[in-house]
Ligand code: NAD
C-alpha cells in the first residue's frame, strides 16, 4: 500500500506505509516494523518498516544501478522532472501539511502548511537551476584547451531529523538529483510519513532507483548507510553528536560529507530596539510556534541592561498570548514536542532552571499535570531572566521552548558572550543603527546572521553552520555545486593535428 492510500483516513486504523526501494514499495527484509506516534495525543498512528543493513544494501545497490543512466540525462530534462514534482507537491500541499502536523505535533496553521508549501518551492528552485551546472575554461594559452566539468558524485546517502522532516528531505533530494546523483534517504524514525508521501510524488516522475527512501532507527539503518562502500557522498542533518559519527564514517572511506548540525543561537538587542516589532521578531526567531524545535532558534537573548526589564515585560506579554494546543486546530499557535524522550529532556532543563538560585522564571515552567494539554507532550513557552552565559541552559541546545535572557553593558561584551559557544549556526541583531547592526553581524561567528528579522531559510540562501554547527552549504545554487558535484579538469593539447 502506498502512503497516499495509507493516510487518507485521518483516524481509526493504523497506517502501514512501506518504504521506496528501486521504484517499489517494500517492507523491511525481516518484516519488522516501527511504531509512529501522534505526539499531541501520545497515540500510535502508523507502523513503518524497520530497515536494517540488508535493506540499506538493497537501496544503495538500486541507486548505484540507476546512476549511470540518470547521470547522463540532460540537465534540462532532469530540471523539467523536478518542476513536475513541484507542481504535484503543490497540488497536495494540504494533505502533506496535515500529515506533517499529525506526526510531528507542529501546528498546522503556523508551521506545517508553511513547510509543505516551501517543499514545492524548493523543487521549483532547483528545477530551474539545472542548466547552471556549468564548468569553466582555464586560460593556459592558445595551444591548450583546459576546461572543467561539474560531474555528479554517484550515490548520495542522506539522513534527516524529524523537526522539519519533509523540507529537510527535499533539501537533500532536489539538489542531489538535479545534479545527476541518485539518493538513498533515511527518514527520521519519529516523522517518516510526510517523507514517504514525498517519495510517492518523486516516484511518479523519476526513473526507478533515482530516489529511494528507507525508514528505521539510526544505529540500525542510518549507520550502515553512512558506512556503505557504494555511497559516494554523505549528507546529514541532525545533532552534532551523531554528525561526528557520520563524519568519522566518511573519513574512513574519504567521501565528502555535508553536515547541518545543532545550534544555540544568540539574539542581541540594542537599546534603540526596545520596541514591539523587535519583540515580535525575537518571538519569531525563538521559533516558539515550533516549540523551538529548530536548529536556528535564537534561544540566548542578550538584552542591553537599560532595556532589560521593559523588553522582557513586552516579550512575556506577547508570548503569553500564543495559544498552545491541538496542532490540527486552526486556532493553535504552538503544538507539541515530538516524543517522550525529548519532552522529558526539555522538562529536565526547565526543572533545573526552577531550582537555580540565580535565574528568575518570568513565564512558563513545567507542563500541566492534568487537563487537555497533559494528553500530549506539550511544553510551556518558558523564559528565564538574569541568566549567566556560562549556565548549562545558556550553553546547551535544549531543542525546546526555553529562552534564557542575559544582560549586557557594552557591545564588545555582548559579542564576546554571543561567540562563547561551540555552536555557530544562526544569530539575530536588533537595532535601528544599520552601521552598528552590520558591525555586529560581521563580528558574530555564525553562518547566518539576520539583522532586524527572525525568519526561516529560503531557497537561495547560503545556509549552514560555523564551528560545531556544521560543514558545507546545500540550500542554494552554490550549495548544489559544492555539495553534490565534483569538478573534473580536462586539458587538451591543441598542437596535435590530424596529419599525425
Ligand atoms: P539526531 O542526530 O538524533 O537524528 C538525526 C538522524 O540521524 C535521524 O534520522 C536518526 O535516526 C539518525 N541517526 C541516529 N543515530 C545515528 C547513527 N549512529 N548513524 C547514522 N544515523 C543516525 O537528531 P534529531 O534529534 O532527529 O534532530 C534534532 C537535531 O537536528 C538538533 O540538534 C538540531 O539542531 C539538528 N538540526 C539541524 C538542522 C540544520 O540545518 N543545521 C536542521 C534541523 C535539525
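Bear in mind that the values in this text are calculations on the coordinates, not laboratory data. Here the structure is a predicted model, which means the values were calculated and not measured. Heads up, the Cβs are rebuilt from the backbone with ideal geometry, glycines too, and the neighbour counts pull from every protein chain shown.
Miscellaneous remarks
- Computed over every Cα-Cα pair of the stretch 125-220 and binned at 10 Å starting from 0, the pair-distance distribution P(r) comes out as 15, 40, 24, 12, 7, 2 percent.
- Here the stretch 304-409 is treated as a sphere whose radius is the Kirkwood value from Cα pairs; by Stokes-Einstein at 10 °C and 1.306 mPa s it diffuses with a coefficient of 109 µm²/s.
- Three principal axis lengths of the stretch 340-394 [C-alpha, angstrom, descending]: 34, 21, 15
- Helix 53-72 axis, angle to the chain major axis (alpha carbon atoms, nearest 10°): 60
- Part-to-part distance (alpha-carbon centres) for the stretch 223-246 and the stretch 159-174, which is given in Å: 14
- Cα long-axis angle, helix 165-178 against the chain (0 to 90 degrees, to the nearest 10): 30
- Only helices enter this figure: runs of n ≥ 4 DSSP H residues, each worth -39500 (n - 2.57), summed and divided by the residues of the chain, yield -11500 deg cm²/dmol at 222 nm to the nearest 500.
- Between helix 193-205 and the chain: long-axis angle, C-alpha atoms, 0 to 90°, nearest 10: 30
- Over the stretch 258-337, equivalent-ellipsoid semi-axes from the Cα gyration tensor in Å: 24, 19, 8
- Considering only alpha-carbon pairs that sit under 8 angstrom and 6 or more positions apart, the relative contact order computed for the stretch 221-280 is 32 percent.
- Between the stretch 64-97 and the stretch 332-387, the Cα center-to-center distance that results, in Å: 41
- Rounded to 5, the percent of DSSP beta bridges in the chain classed as antiparallel: 40
- Taking every alpha-carbon pair under 8 Å whose residues sit at least 6 apart, the stretch 398-448 reaches a relative contact order of 38 percent.
- Pairwise inverse Cα distances across the stretch 433-473, averaged and inverted, put the Kirkwood hydrodynamic radius at 11.4 Å.
- Rotationally averaged projected area of the chain (alpha carbon convex hull; nm²): 25.9
- Relative contact order for the chain: 18 percent, from Cα pairs under 8 Å spaced at least 6 residues apart, divided by residue count.
- Each 10 Å bin from zero up to the one holding the largest Cα-Cα distance in the stretch 6-137 carries the following percent of pairs: 11, 27, 34, 23, 5, 1, 0.
- Using a simple spin-label model with pseudo-atoms 7 Å out from Cα toward Cβ, residue 43 and residue 310 lie 5.0 nm apart.
- For the stretch 266-451, the alpha-carbon coordinates run over 49, 33, 30 Å along the three principal axes, in decreasing order.
- Rg [Å, one decimal], Dmax [Å, integer] - the stretch 397-491, C-alpha atoms: 16.3, 59
- Estimated translational D of the stretch 221-283 in µm²/s (Stokes, Kirkwood radius over Cα pairs; 37 °C; 0.692 mPa s): 230
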